[in-house]
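Trainee: Below is the structure I would like to discuss, written out as structure tokens.
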């Protein structure tokens, strides 16, 4: 298989919508972002081989573990908020599922959406790599007929000291105490805050990075995954430039929500157009 710069692990999501099936999930949003930024991406995932949403990953290298069903999400929006259900689940992923040539990728992204990464997929399995984790998929269960419920991140004590952890203030339940606890444990913690930008905790220091104003909300989902891909890709290019990487990630994610025309995960063509429209120098500052 081809040499890659960035390995991402997790299920693709088959999002069942009134408009038909759409590609979703961290791996899809992140892979297109990283590829648009010029890095070679490898995706290890699982789904039904004939699932039509897989066509959206045609522009990146995919190692697919066949499953009887894909991981299917259904979102229902009510006056009381979103109800999310899991109506299918692909096979779990393990370290043995990664092609040997990909295990030495310089950037590894653990991107679960539905508890699909088994206990072998831990930061220690990738010595020498920059390991990022977007832990949302570790923080949900669906015990009662598929309805998703939040749970605490059980792997946090083991992963926070060894990874770049990227999550949203919504993932933290708006808890300042939990944010402070994670920040104290983490090697690097990034908290995204929607239109308020993002916060970096590193080396005992906090830095806030505001987001530019977005006049029109074209794409309301996936910004956190786009941010994560842009951050880790920037750190691959400039390992010691955390402020520059944070500013680049905020800029890419903000441009995405304001300009992406695609339903579901973006196409590579759309992400390249979004990146090309950024202010000169923002990705190399």
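Trainee: For residues in region 75-89 being within 12 Å of residue 148 (Cα to Cα) and touching a residue at least 60 places away in the same chain (Cβ under 8 Å), which is surrounded by the most Cβ atoms within 10 Å (Cβ to Cβ)?
Mentor: This residue is 86.
Trainee: Restricting attention to region 161-176, which residues are buried (at least 17 other Cβ atoms within 10 Å of the Cβ) and assigned to a loop (DSSP other than H, G, I, E, B)? It would help to see each step written out before you state the result.
Mentor: The first filter runs over region 161-176 and keeps only residues buried (at least 17 other Cβ atoms within 10 Å of the Cβ), leaving 163-169, 171-172.
Across region 161-176, the qualifying residues are 163, 169, 171, 172.
Trainee: With the condition kept exactly as written, say whether any residue in region 110-120 is touching a residue at least 24 places away in the same chain (Cβ under 8 Å) and surrounded by fewer than 16 Cβ atoms within 10 Å (Cβ to Cβ).
Mentor: Let us first name the residues in region 110-120 that are touching a residue at least 24 places away in the same chain (Cβ under 8 Å), namely 110-118, 120.
Filter once more, so that each one left must be surrounded by fewer than 16 Cβ atoms within 10 Å (Cβ to Cβ): 118, 120.
Yes.
Trainee: Residues being farther than 23 Å from residue 61 by Cβ and either free of Cβ contacts under 8 Å to residues at least 24 places away in the same chain or not in a helix (DSSP H, G or I) (or both): count how many of those fall in region 229-275.
Mentor: So the count comes out to 8.
Trainee: Then there's this: Among the residues of region 103-114, are any at pLDDT 95 or above, closer than 24 Å to residue 146 by Cα and part of a strand (DSSP E or B)? Walk me through it before giving the result.
Mentor: Restricting attention to region 103-114, the residues satisfying the condition of being at pLDDT 95 or above are 103-114.
Adding the requirement that they be closer than 24 Å to residue 146 by Cα leaves 110-114.
The next check asks that each one be part of a strand (DSSP E or B); those that pass are 110.
Yes, region 103-114 contains a residue that is at pLDDT 95 or above, closer than 24 Å to residue 146 by Cα and part of a strand (DSSP E or B).
Trainee: If I filter region 248-271 down to residues being at pLDDT 95 or above and touching a strand residue (DSSP E or B) at 6+ places or on another chain (Cβ under 6 Å), which single residue comes out as nearest to residue 283 (Cα to Cα)?
Mentor: Among those residues, the one meeting the criterion is 250.
Results for (1) touching a residue at least 12 places away in the same chain (Cβ under 8 Å); (2) outside any strand (DSSP E or B); (3) surrounded by 18 or more Cβ atoms within 10 Å (Cβ to Cβ); (4) under 19 Å from the mean Cα position of the chain (by Cα), shown as yes or no for each residue.
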residue: 101; (1), (2), (3), (4): yes, yes, no, no
residue: 142; (1), (2), (3), (4): yes, no, no, no
residue: 153; (1), (2), (3), (4): yes, yes, yes, yes
residue: 159; (1), (2), (3), (4): yes, yes, yes, yes
residue: 178; (1), (2), (3), (4): no, yes, no, no
residue: 184; (1), (2), (3), (4): no, yes, no, no
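The values are calculated or read from the model by the stated rules, or taken from the named source; none is laboratory data. Being a predicted model, the structure only gives us computed values, none of them experimental. Ideal geometry is used to build each Cβ from the backbone, glycine not excepted, and the neighbour counts take in all protein chains shown.
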